[in-house]
1. Identify, from the list G57, G73, the residue that is open to solvent by 60 Å² or more (accessible area, probe 1.4 Å) and farther than 28 Å from I14 by Cβ.
2. Just one of R80, R39 is surrounded by fewer than 15 Cβ atoms within 10 Å (Cβ to Cβ), touching a strand residue (DSSP E or B) at 6+ places or on another chain (Cβ under 8 Å) and at pLDDT 95 or above; which is it?
3. Among the residues of the range 93-119 satisfying the criterion of being open to solvent by less than 40 Å² (accessible area, probe 1.4 Å) and part of a strand (DSSP E or B), which is nearest to V62 (Cα to Cα)?
4. Of all residues in the range 122-140, how many are within 12 Å of the chain's Cα centre (by Cα) and near ligand 1 (Cβ under 9 Å from one of its atoms)?
5. Would you confirm, using the coordinates I've provided, whether I46 is within 15 Å of ligand 1 (Cβ to nearest atom), open to solvent by 60 Å² or more (accessible area, probe 1.4 Å) and in contact with a strand residue (DSSP E or B) (Cβ under 9 Å, 6 or more places away or on another chain)?
6. Could you list all residues from the range 130-156 that are closer than 21 Å to R23 by Cα and either within 15 Å of ligand 2 (Cβ to nearest atom) or open to solvent by 10 Å² or more (accessible area, probe 1.4 Å) (or both)?
7. Could you grab the pairs with beta carbons closer than 6 Å, sequence gap of 6+ or different chains, first residue in the range 273-289 and more than 12 Å from I130 (Cα to Cα), second one open to solvent by 10 Å² or more (accessible area, probe 1.4 Å) and modelled with pLDDT under 90?
8. If a residue has to be within 21 Å of A373 (Cα to Cα), open to solvent by 60 Å² or more (accessible area, probe 1.4 Å) and of a type outside the set (F, W, Y) to count, how many in the range 417-429 make the cut?
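The values are calculated or read from the model by the stated rules, or taken from the named source; none is laboratory data. Quick caveat, the model's predicted, so the values are computed rather than measured. So basically every Cβ, Gly included, is an ideal-geometry build from the backbone, and we count neighbours across all protein chains shown. When the accessible area is computed, the model is the full protein with side chains, heavy atoms only, and any ligands, DNA or RNA have been set aside. Shrake-Rupley method; radii C 1.70, N 1.55, O 1.52, S 1.80 Å.
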Amino acid sequence: MALKYRSIRGTRDILPGQSEKWRYVERVALETAATYGIRQIRIPTIEKTELFTRSVGETTDVVQKEMYTFEKGRESITLRPEGTAGTVRAVLENSMLADTLPLKLSYIVSCFRHDNPQAGRYREFTQFGIECFGNSLPTADAEVIGVAYDILSRLGLSDVSLEINSIGCPKCRPSYNQALKAYYENRTDKLCKTCLERLERNPLRLLDCKEEGCQALAAQAPKSTDYLCEECDDHFEGLKKRLDAMGFVYRVNPFIVRGLDYYTKTVFEFISDKIGAQATVCGGGRYDGLVEELGGPHTPALGFGMGLDRILLVMENSGCQFPAPPICDLYIGSMGEEENIKALTLATHLRREGFTVLCDTVGRSVKAQMRYADKQSSAHSCIIGSNELGQGKATVKRMADGNQTEVALTAEAMSQYLYAEKAEEIAEA
Ligand code: ATP
Ligand code: MG
């Protein structure tokens, strides 16, 4: 049969088997953030295009090449390429800055970028992120980095390294931009076309170019840390001091600038050596000017975005442990209509107790039902025939060792039996 429809290039289906792993990673991320007092926000998938051009920046790859934008009526709408802009919009629209600060939020969002699909790079991908508003001290930067650090270690990702940098503020950035321009202006013959175009308006972007020739040039370029004003320098020193005290291992990499325009002062990345070229699993930093840029009061803020697709790739490639997938506690087979109804009602009651219970819904023979129960890796099974129905009890078999127990055909007796089995299992483990 020829397939009539296929998924769009750069998008993927997450199937059972994988989806449980996703849920696990998402739960660990949200729960770790919660230990820092960070609470989840859910924001829309679409926003006005201008929100992203304003915040992400006109001269970034994301805005220039990667956004999914469409017109609807007279409005230009874009599928979110990242989570920060929408979160800031939501914070302002819902007057959340009027409450006690700092305000700390987390989110899990699907993002859309017309990127070049390859391992670790998709056109629809998922980010876990946090954003914190109203805190300017390096303690906040250390905490935000701490959240990412904790999530990665809880997931068992030990081979991920932390790189940090400071790219200054509107006070010191101009002199750094000038130094970059002077450096690149003598080397324009070696720059790619996009970088040539960006040199005048946004020289910082050149350091983030993925072209080989540009990367070679970037390695010798002036370092942002040599151009920091006193305030930014103190802030960066304050951050390093705190990271040291927290016992976090990191490296200062003066060439990290991040792909989005809104960053000021601290920027950081967590990088894995387990997934090839698309190695950054988490990127973030401070964006003290963004809230104001989007029409709010001046509010220092910072956050990060963690690429969950890449996190899962790294976990698979480094043999991290995932929780065992859920099992079926009991399969209730049946022979005949009254017996099948009995199985159905028992199953319904037991599910309400939290057990996973299956019964026949397709009219299989008893033999086929038992084969099915086996395929579902049922921990226990029983069969209700006319005898069992008449006597009000059935033999429940523990599949692992064939042990048999007679149990009354009531929800109470069955759940008591299954609870006892679980308790035994836990005791043995
Ligand atoms: P890259 O340099 O890899 O393109 P970026 O600078 O565009 O990344 P951010 O915008 O900072 O990335 O997004 C934060 C995180 O989201 C990245 O570190 C990465 O883990 C993930 N990410 C970004 N783009 C993609 C994508 N196309 N597919 C999967 N994950 C992605
Ligand atoms: Mg990118």
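1. G73
2. Of the residues listed, the single one that is surrounded by fewer than 15 Cβ atoms within 10 Å (Cβ to Cβ), touching a strand residue (DSSP E or B) at 6+ places or on another chain (Cβ under 8 Å) and at pLDDT 95 or above is R39.
3. Among residues in the range 93-119 that are open to solvent by less than 40 Å² (accessible area, probe 1.4 Å) and part of a strand (DSSP E or B), the one nearest to V62 (Cα to Cα) is F112.
4. Initial filter on the range 122-140 (within 12 Å of the chain's Cα centre (by Cα)): 125-130.
Narrowing further to those that are near ligand 1 (Cβ under 9 Å from one of its atoms): 125-127, 129.
The qualifying residues number 4.
5. No: the conditions fail for I46.
6. Passing the criteria: Y149, D150, S153, R154, G156.
7. Close Cβ pairs satisfying both conditions: Y287/Y262.
8. 2
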